[in-house]
1. Which residue, of A:Ser25, A:Ser56, is within 14 Å of chain B (Cβ to nearest Cβ) and touching an Asp or Glu at 6+ places or on another chain (Cβ under 9 Å)?
2. In the stretch A:11-27, how many are free of Cβ contacts under 8 Å to residues at least 24 places away in the same chain and either over 13 Å from B:Ile36 (Cα atoms) or of a type in the set (A, V, I, L, M) (or both)?
3. Kindly provide the set of residues from the stretch B:115-171 that are more than 18 Å from B:Phe91 (Cα to Cα), surrounded by fewer than 18 Cβ atoms within 10 Å (Cβ to Cβ) and more than 14 Å from chain A (Cβ to nearest Cβ), ordered by number.
4. Please enumerate the residues belonging to the stretch B:8-35 that are over 9 Å from the mean Cα position of the chain (by Cα), modelled with pLDDT of 95 or more and charged (D, E, K, R).
5. Considering B:Thr208, B:Thr231, which residue is surrounded by 14 or more Cβ atoms within 10 Å (Cβ to Cβ), of a type in the set (Ser, Thr, Tyr) and either in contact with an Asp or Glu (Cβ under 9 Å, 6 or more places away or on another chain) or closer than 13 Å to B:Gln75 by Cβ (or both)?
6. If B:Ala132 satisfies every condition in (1) in contact (Cβ under 8 Å) with a residue 24 or more places away in the chain; (2) part of a helix (DSSP H, G or I); (3) closer than 18 Å to B:Val81 by Cα; (4) out of contact with any Lys or Arg (no Cβ under 7 Å at 6 or more places or on another chain) but one, which is the exception?
7. Considering only the stretch B:145-156, I want to know if a residue exists there that is part of a loop (DSSP other than H, G, I, E, B), of a type outside the set (A, V, I, L, M) and closer than 21 Å to B:Gly219 by Cα.
Amino acid sequence: MKNEWPLWEIFIRSQHGLAHKHVGSLHAVDAGMAVKNARDVYTRRNEGVSIWVVRSSDITASSPAERDVLFEPAASKIYRHPTFFPMPDEVKHL
Amino acid sequence: MSPHLELLVRLGDNDVVLAQRLGEWVGHGPVLEEDIALANVGLDLLGQGRMWLTYAGELEGEGRTEDDLAFLRDQHEYRNVQLVELPNGDFADTMARQLYFDHAHLLTLQGLARSADARIAEIAAKARKEVAYHVERSNDWVIRLGDGTEESHQRMQLAIDRLWPYTGEMFSADAVDIELAEGGTAPDPRALREPWLAAVGAVIAEATLAMPTGEWMQGARRGGGKQGVHTEHLGHLLAEMQFLQRAYPGASW
């Protein structure tokens, strides 16, 4: 598979979204082509107003094997959730 | 046909015929991403073609719809330039055809966006945003392939040379074009040739390709696609495109 184009991860910011969201991946020879391909593959139905592309190989991911070590300790610490405070009615968008 | 109606049919037919050609790439593109991109360009053109032909039907006033015009006219009634009906060839041929057509298309729409006919101006203003993207894509591919490997360079050069004689028709003016230009309805095609040469020439130079220099152009003597004189390829294209409506008249989705 050495002739295959590199893989890119695509992030799209939608009309009303504040952050770019991962939508999928595609192949392209360089970043410019990845943006164009992302436009054609992932924004055909008016999904976005901005595109980010990142080479998949540039992403460092946590290892599934470490899942317990990394995330399990947080599961038993419900006091970290700010759910014990009554919210005044005037506060919106929380 | 009045010159006004003639113009709308010419514009619509270019779009519909090229959309059909690009649609032939679906399932055959070199990569999935390009497959979708070519289909997108085709669908943009189809949408534009519908607007021109709908308006043409209304202007004609004989009750013909966009579908009647697209599916029930024979090849001598089609008014697209010959360039857009040519077979897809290899990917370089398709991209050379896009390069030549997209740049002329954009210049035409920019002119039409200032048309004295408000409806034409409105359609052109909407379409030119789509076509500006088509131009970007075509430039990109011609440069990549021209300035790519030895083989891609050679095939891209062959493609721009092979299609060159079909470019003249886009910048020739007949009585229809002249009347419309004088009335401010459409730009004079002859005036678009210089800016087109400059834009296309810059891309070809950046692609490290040699600009074709042939003087002889298809259709220069006895008329071309705009006058209803077509290559042998259009009939086959229409046979496939129109089959359903011809075999099952009035069939709808």
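The values are calculated or read from the model by the stated rules, or taken from the named source; none is laboratory data. Being a predicted model, the structure only gives us computed values, none of them experimental. When we count neighbours, we look across all protein chains shown, and the Cβ atoms used for this are built from the backbone with ideal geometry, even at glycine.
1. Going through A:Ser25, A:Ser56 in turn, just one is within 14 Å of chain B (Cβ to nearest Cβ) and touching an Asp or Glu at 6+ places or on another chain (Cβ under 9 Å): A:Ser25.
2. Residues flagged as free of Cβ contacts under 8 Å to residues at least 24 places away in the same chain and either over 13 Å from B:Ile36 (Cα atoms) or of a type in the set (A, V, I, L, M) (or both) within the stretch A:11-27 amount to 8.
3. The answer is B:Ala116, B:Ala118, B:Arg119, B:Ala121, B:Glu122, B:Ala125, B:Lys126.
4. Hits for the stretch B:8-35 are B:Arg10, B:Arg21, B:Glu24.
5. Just a single option satisfies the conditions, and that option is B:Thr231.
6. (3)
7. No.
Quick grid of which residues meet (1) in a helix (DSSP H, G or I); (2) under 13 Å from the mean Cα position of the chain (by Cα); (3) closer than 30 Å to A:Val41 by Cα:
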{"site": "B:Gly42", "(1), (2), (3)": "yes, yes, yes"}
{"site": "B:Leu46", "(1), (2), (3)": "yes, yes, yes"}
{"site": "B:Gly49", "(1), (2), (3)": "yes, yes, yes"}
{"site": "B:Gly57", "(1), (2), (3)": "yes, no, no"}
{"site": "B:Arg64", "(1), (2), (3)": "no, no, no"}
{"site": "B:Asp67", "(1), (2), (3)": "yes, no, yes"}
{"site": "B:Asn80", "(1), (2), (3)": "no, yes, yes"}
{"site": "B:Leu83", "(1), (2), (3)": "yes, yes, yes"}
{"site": "B:Met95", "(1), (2), (3)": "yes, yes, yes"}
